[in-house]
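A.B. asks: After the structure tokens below, expect a handful of questions from me.
The values are calculated or read from the model by the stated rules, or taken from the named source; none is laboratory data. Values in this document were obtained by computation on a predicted structure and should not be read as measured data. Note that each Cβ is placed from the backbone with ideal geometry, even for glycine, and that neighbours are counted across all protein chains shown. Protein only, heavy atoms only, side chains kept; ligands, DNA and RNA dropped before computing areas. Shrake-Rupley method; radii C 1.70, N 1.55, O 1.52, S 1.80 Å.
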Amino acid sequence: MIYAAPNTNKICYVILPEGIREYLDVGLKELSEKYCVSIVEIENVNWNDDMTPCPAKGVFKKAKPFGGQAASFLDKLTNEIIPEIEKTLGMVDPERTIMGVSLSGLFAVWAGFNTNAFTNIISISGSLWFDGFVEWMEKHTPSQQIKKVCMLLGEKEKNAKDKRMATVEERTLAAAMMLKSNSQASVLFELVEGTHFSPILPRLERAFEVVYG
């Protein structure tokens with residue numbers, strides 16, 4: 001789905017969990033119009049594999065393990081999907097934002113270290129609890145093309161029953177501090193009302209205000 005805004009060089013690539021996409025059509029259209037930014041929903045994502053930077057065990061009992069295919073997906077995104085979309089929209093050298101929610105929020109932050117394609121990063125309820133990710137960040141340098149990073153997390157997310165997921169607040173804060181010290185980007189980490197990416201629309205609105213307001 002593409003929400004094309006007229007006369008703009010701003011474009012936001014959004015990767016959403018399958019279960020919430022259908023509820024956000026109106027909200028994304030309104031955000032596109034309000035902030036004069038084209039919004040593109042990236043579809044056909046193999047969630048547990050494409051959004052994770054390395055293999056890891058699943059979160060819940062009997063859950064499918066994470067496949068760790070983020071590098072392959074990022075290559076497809078930057079070399080196939082993005083050029084095709086921007087050619088269709090007639091955009092040349094746009095200001096690109098990547099926005100992810102949950103596992104795709106993890107992917108968005110990881111992508112900021114592995115490509116110069118994006119100017120801004122939005123991570124909503126990003127799965128920065130992911131095994132070894134913050135430690136990986138300590139050893140790598142983010143792209144110097146990044147100007148703004150917005151990380152929003154529900155204030156109740158740290159109460160998750162799973163021990164790995166319960167570390168999300170401290171690890172997201174640590175990730176934000178690393179980005180502040182290792183880049184020239186403006187970095188915002190903010191706790192907001194709610195649980196894991198719920199309610200979602202107020203977080204999208206807050207993120208767009210931070211990046212485009």
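A.B. asks: Based on the alpha-carbon gyration tensor of the range 87-213 and its eigenvalue square roots a ≥ b ≥ c, which shape applies: rounded if a/c is under 1.5, prolate if not and a/b is larger than b/c, or oblate?
C.D. replies: oblate
A.B. asks: Place a label point 7 angstrom from the Cα of residue 60 along the Cα-to-Cβ direction, then list the residues of the range 195-213 whose backbone nitrogen is under 18 Å away.
C.D. replies: 195-198
A.B. asks: State the antiparallel share, in %, of DSSP beta bridges confined to the chain, rounding to the nearest 5. Numbers along the way, then the final one.
C.D. replies: Working: 4 of 31 bridges.
Percentage antiparallel, nearest 5: 15.
A.B. asks: Read through the labelled values (i) 0.95; (ii) 2.13; (iii) 1.07 and report the label of the one computed as Cα Rg over 2.2 N^0.38 Å from the structure.
C.D. replies: Calculated Cα Rg over 2.2 N^0.38 Å: the matching label is (i).
A.B. asks: Round to a whole number: what % of the accessible area of the chain belongs to carbon and sulfur, probe 1.4 Å?
C.D. replies: Carbon and sulfur together cover 49 percent of it.
A.B. asks: Next up: Would you list which aspartates and glutamates come within 16 Å of residue 161, measuring only between C-alpha atoms, while excluding same-chain residues fewer than 8 positions from it?
C.D. replies: 169, 170
A.B. asks: Shifting gears a bit: Hey, what's the chain come to in accessible area per residue, 1.4 Å probe, Å²?
C.D. replies: With the other protein chains kept in place, the chain gives 48 Å² per residue.
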